[in-house]
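Engineer: After the structure tokens below, expect a handful of questions from me.
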Amino acid sequence: MVDLMRAFAAYENLLDSLEITQEKLTDAVFGKESFVEILIAIANDVPVGYALYYRHFASFRGQWGLFLEDTYVSSEYRGKGIGEEMIREIARIAHSRGCERIDFQVLEWNTPAISFYKKLGAVCNDDERHFKFANEAFLNLAS
């Protein structure tokens, strides 16, 4: 899994931000406070893609949903329906749990991903921007 995440970070030009370890991932998925789930695509007994997601709540609409943090398929396996099947499986999981939506973010330059999601019926809200408190800003707030 961490190797696939590393490949995804390289694709998105975010290798400098990659800090995940096998221990952190295992704790997030299987630990005492775990809430993250992972769907793994396997071809010929080799992991070739993954989707990482978790439950969330959209306050204004009052809807439960799944937040799709990552979706990645190795380049040599793209165009074979693996990504679409993972999204469909996550939709089935969400629906079976009473969720009404799947939310996610896509980097502005990633036009192949944007086209892929739009083809499946996703809509983009260009009015929203992703903000975060991290590193020093987070520590300043927390102290």
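Every read-out reported here was derived from the displayed coordinates using simple, explicitly stated rules and does not represent laboratory data. As the structure is a prediction and not an experimental result, all values here were calculated from the model. Cβ placement follows ideal geometry from the backbone for every residue including glycine, while neighbour counts extend to all protein chains displayed.
Engineer: Sum -39500 (n - 2.57) across every DSSP H segment of at least 4 residues in the chain, then divide by the residue count to get the 222 nm mean residue ellipticity, nearest 500.
Structural biologist: Mean residue ellipticity at 222 nm (helix-derived): -10500 deg cm²/dmol.
Engineer: Next question. So who's got an amide H within less than 5 Å of the one on D70, skipping anything under 5 residues away but keeping other chains? H placed 1.01 Å off N, in plane.
Structural biologist: Under 5 Å from the amide H of D70 lie the amide H atoms of L52, each far enough along the sequence or on another chain.
Engineer: Counting other beta carbons within 10 Å of each residue's own, what order do C99, C124 fall into, fewest first?
Structural biologist: Result, fewest neighbours first: C124, C99.
Engineer: Now a separate question. If you average the sequence gap of Cα pairs under 8 Å that are 6 or more apart and divide by the length of the range 2-142, what percent do you get for the contact order?
Structural biologist: 15 percent
Engineer: Which number comes out as Rg/Rh for the range 9-143 once both Rg and the Kirkwood Rh are worked out on C-alpha atoms?
Structural biologist: Looking at the range 9-143, the ratio lands at 0.96.
Engineer: Next question, about the same structure. Select from the range 1-99 those chymotrypsin sites (Phe, Trp or Tyr not before Pro) which occupy a DSSP coil region and have at most 11 other Cβ atoms within 10 Å, ordered by residue number.
Structural biologist: F35, F60
Engineer: Then there's this: Per residue of the range 7-23, in order, report the coupling 6.51 cos²θ - 1.76 cosθ + 1.60 (Karplus, θ = phi - 60°) as ³J(HN,Hα) in whole Hz, putting x for Gly and Pro.
Structural biologist: With coefficients 6.51, -1.76 and 1.60, one gets 5, 5, 4, 5, 4, 8, 6, 10, 4, 5, 8, 6, 10, 5, 10, 4, 5 Hz.
Engineer: Could I ask something else about it? Chymotrypsin sites (Phe, Trp or Tyr not before Pro) within the range 100-143: which are DSSP loop residues with at most 11 other Cβ atoms inside 10 Å?
Structural biologist: W109, F131, F133
Engineer: Please work out how many pairs of lysine residues in the chain are eight or more positions apart (or on different chains) and have Cα atoms closer than 27 angstrom.
Structural biologist: 6
Engineer: At most 11 other Cβ atoms within 10 Å and a DSSP loop assignment: could you name the GluC sites (Glu not before Pro) in the range 6-87 that fit?
Structural biologist: Answer by residue number: E19, E33.
Engineer: May I pose another question? Between L15 and A134, what is the spin-label point distance in nm, taking each point 7 Å from the Cα along the Cα→C-beta axis?
Structural biologist: My value for the distance between the label points is 1.8 nm.
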